[in-house]
1. Would you kindly state how much longer the chain becomes between Arg6 and Ser213 on full extension, computed as 0.36 nm times their sequence separation minus their alpha carbon distance, in nm to one decimal?
2. Contour minus end-to-end for Phe59 and Ala114, with contour as 0.36 nm per residue of separation and end-to-end as the Cα-Cα distance?
3. Between Arg149 and Gln182, 0.36 nm times their residue separation minus their Cα-Cα distance comes to what?
4. Report, in deg cm²/dmol and to the nearest 500, the calculated mean residue ellipticity at 222 nm for the chain, where each DSSP H run with n ≥ 4 adds -39500 (n - 2.57) and the sum is divided by the residue count.
5. Tell me, what ³J(HN,Hα) does each residue in segment 2-14 have, in order and in whole Hz, if you take phi through Karplus 6.51 cos²θ - 1.76 cosθ + 1.60 with θ = phi - 60° and put x for Gly and Pro?
6. Connecting C-alpha atoms closer than 10 Å in a GNM of the chain, tell me which of Ala115, Ala183, Ala133 has the biggest fluctuation.
7. Between Ala173, Ala116, Ala140, where does the largest GNM mean-square fluctuation fall for the chain, given springs only between Cα atoms within less than 10 Å?
8. Obtain the nm distance between the two label points defined at Arg125 and Gln194 by a simple spin-label model: each point lies 7 Å from its Cα along the Cα-to-C-beta direction.
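None of the figures in this text is laboratory data; all of them are computed from the coordinates on show. The model shown is predicted, which means the values in this text are computed figures rather than measured ones. Every residue, glycine as well, gets a Cβ built from its backbone with ideal geometry; the counts of neighbours run over all protein chains shown.
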Amino acid sequence: MERLIRLPANTSGRDIVVGDLHGQRSRLEGELERIAFEPARDRLICVGDLVDRGPESAFTAALMDEPWFYSVRGNHDLSVLAAFDAGCDPDTAGDRRWDLICDDHAWMAELDAAAAATTLARLRRMPYALEIATVGPTVAIVHAEVPQRFGNWQAFSDEIAGEANGAAARYAACWERNLAYQAAPCDAVGRPEQANVLAGIDHVIHGHTPMASPPEGAFIGRIGNRYWIDTVGWLPGQTGSDWKSPPHFTLVPVERPWDPL
Ligand SMILES: [Mn+2]
């Protein structure tokens, strides 16, 4: 697998980033219709966690076969590999292996052997980070966060892709929530902030930590040039329907992560 994938600019259409999907592909497809997504020209990039919680985990993981779809690896995707794909990656082996297990993979047991193998092969192709070029900014996608100990994107992406300290960096990319808890709602203006700017990259887009505080509800969270866009569109049923901003999938242009479609 490639741990870090760099995408060249999409010069023919839009690049759109969506938050955690958690097995809700049908809901996503409603959103793609709403924004008139064009699979022949546009690309959709997910911040990870394709599986678990929702009713369509395997169907959602199958998005990895679409030429217009990309996703980084979330802790839930990693956890399925750790639980069912022995030896898939050194990161999930050894003592650390059982730390990586989330407890909601019952859907995997319901797949027949061929479907399970196909699903694992799809999850295995998910990189830990994506770096996306545009005609303007360059944008990084990482599921959880880039730990504060990294002063710039180059240092972090080098560790993600490499062997030295790589497992610790990749674990943080999938799981960490230190900065995310300090994220505040960002306004639509995109006002620059100086605190906690990650140097060497224009924007970083994350999911993983739900951005929702009842009764106000769901929001795009921000610190410096880091954005968190999991606005819990995957939540079941009526949960949060009484919030001022109810649960929904956030879709943002990759070059303007503060400006949802
Ligand atoms: Mn997650």
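1. On the way: separation 207, 0.36 × 207 = 74.52 nm, distance 3.39 nm.
The Arg6-Ser213 span can extend by a further 71.1 nm.
2. Working: separation 55, 0.36 × 55 = 19.80 nm, distance 1.40 nm.
Difference between extended and current length: 18.4 nm.
3. Details: separation 33, 0.36 × 33 = 11.88 nm, distance 1.60 nm.
So the chain would gain 10.3 nm between Arg149 and Gln182.
4. Calculated from helices alone, the mean residue ellipticity at 222 nm is -6500 deg cm²/dmol.
5. Karplus-based 3J(HN,Hα) across segment 2-14 equals 8, 7, 10, 10, 9, 9, x, 4, 8, 8, 9, x, 9 Hz.
6. Ala115
7. Maximum among the listed residues: Ala116.
8. Taking the simple label geometry, Arg125 and Gln194 are separated by 4.5 nm.
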